[in-house]
1. When the residues of the range 283-295 are narrowed to those that are of a type outside the set (D, E, K, R) and farther than 20 Å from residue 65 by Cα, which ends up surrounded by the most Cβ atoms within 10 Å (Cβ to Cβ)?
2. Find all pairs meeting these conditions: Cβ atoms under 6 angstrom apart; at least six residues apart or on different chains; first residue within the range 71-91 and more than 26 Å from residue 232 (Cα to Cα); second residue modelled with pLDDT of 95 or more and in a helix (DSSP H, G or I).
3. Taking the stated definitions as given, is residue 84 assigned to a helix (DSSP H, G or I) and outside the structural domain of residue 233 (by TED's automatic domain parsing)?
4. Quick one: which of 247, 234 is hydrophobic (A, V, I, L, M, F, W, C) and either out of contact with any helix residue (DSSP H, G or I) (no Cβ under 9 Å at 6 or more places or on another chain) or not assigned by TED's automatic domain parsing to the domain that holds residue 130 (or both)?
5. Do you know which residues across the range 74-88 are buried (at least 24 other Cβ atoms within 10 Å of the Cβ) and of a type in the set (A, V, I, L, M, F, W, C)?
6. Which one is farthest from residue 292 (Cα to Cα) among residues in the range 77-101 that are small (Gly, Ala, Ser) and out of contact with any strand residue (DSSP E or B) (no Cβ under 9 Å at 6 or more places or on another chain)?
7. Taking residue 82 and the conditions (1) closer than 21 Å to residue 277 by Cα; (2) modelled with pLDDT of 95 or more; (3) touching a Phe, Trp or Tyr at 6+ places or on another chain (Cβ under 6 Å), which numbered condition does it fall short on, given that it satisfies the others?
8. Criterion first (assigned to a helix (DSSP H, G or I), at pLDDT 95 or above and under 19 Å from the mean Cα position of the chain (by Cα)) does residue 105 satisfy it?
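The values are calculated or read from the model by the stated rules, or taken from the named source; none is laboratory data. Note that the coordinates shown come from a computational prediction; the quantities given were computed from them, not determined experimentally. Note: ideal-geometry Cβ built from the backbone for every residue, glycine included; neighbour counts use all protein chains shown.
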Amino acid sequence: MRTTYALLIAVLFLIAGLSGGYYAGSESAPHGTQGLNLIAASLYAPYASQVLNATGEPGSVTAMGSVAAARQVLLAPSHYAIFISVDPAVIEDLLVPQGQAQWYVAIAGDQMVIGVSRLSPAFSEISELNASLYRAILSGNTTAEQIYLSKILSIVLSGKYAVGTSNPNTDPEGYRALMMLQLSGLWIYNNISAYQSRFYSLNSTGLVYEVPQGSALFSYLDTGKISFDIALYLSSAKEQKVPYVLLPYQVNLGSGNYSEFYSKAEVPITVQGKTVALHGAPIYICFTIPEGYKDKSLAASVALYMISPSGMEDLRRYGAEPLPQAILYGNLSSVPYPLSAFINSSVLAYGGPVN
């Protein structure tokens, strides 16, 4: 497998128009006794394992919600070679201020949808409304999009059905669910709290099931314990074959064209006893190498796989939508070699400083 990966790296250097002599020298890079430890958002832990397998590097993968994973990196920054997150804000607002990240690379996009249980009494009604909403999205009929989304959210939050979400303090799905509700209220009624307040009222009735990470809700949907997952990733809905409501771009956090509008959503989370306000932004699967990790060059050589054509195609197989070109944000001088050699090449663009 190492031979195959060496060829892949050579191809990457050729694509970027660079000298291809790096990887042969990396054979002598020091390895920890336990190999490389990667930490990843739960949904992309299998992808992280595939990265290790494809590069031939021994190691292990720790899976948890991205916020919880960032906390773990802060607790043991020298332990983790690569951190894979489903939200750049986790890196920008949690790791960067603590000096454990100066850059990250976005490799794929995603969007939020509403998961629906086939066993829900509202399944048929939601399916009909979803079909109408989908036609409105395809035709660009904004008024119709607002009408049908309003009807769907009225059912979801009616108090007649149990719903699920994840904890915003551990999992981005949790705070993105709240952001989706805020944006829906703002877009439809010019009232950012319109749907969020309904959700909080529903929560007080005991009809909201909150879990540490969104993947735990799949079984709840399968068994009908909940009728709706307030917001989950389109990629995971497809992978798990969960019926879903496709949301308009204005509220699904999936389009760079609505970055400014998304930023109006704000959800406070608690990290190490401090409150951090996260703002809405387009969803990107991204990675960084913690500043405390000692062998950054070895970690960077493995990270190269994630920006390669093969790595991008693996992402697609896990349900994500790879970006046409990986994008690096942050301090260029802190990016380790050989990853740094590809900046401003055909495989890795520079997107600017970390916000």
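1. Step by step, filter the range 283-295, then rank; the result is 293.
2. Listed pairs, sorted by first residue: 80/73; 81/299.
3. Numbers: assigned to a helix (DSSP H, G or I): no; outside the structural domain of residue 233 (by TED's automatic domain parsing): yes.
Against the criterion (assigned to a helix (DSSP H, G or I) and outside the structural domain of residue 233 (by TED's automatic domain parsing)), residue 84 does not qualify.
4. Going through 247, 234 in turn, just one is hydrophobic (A, V, I, L, M, F, W, C) and either out of contact with any helix residue (DSSP H, G or I) (no Cβ under 9 Å at 6 or more places or on another chain) or not assigned by TED's automatic domain parsing to the domain that holds residue 130 (or both): 234.
5. Correct list: 81, 82, 83, 84, 86.
6. Within the range 77-101, the match that is farthest from residue 292 (Cα to Cα) is 99.
7. Failed condition: (1).
8. On the way: assigned to a helix (DSSP H, G or I): no; at pLDDT 95 or above: yes; under 19 Å from the mean Cα position of the chain (by Cα): yes.
No.
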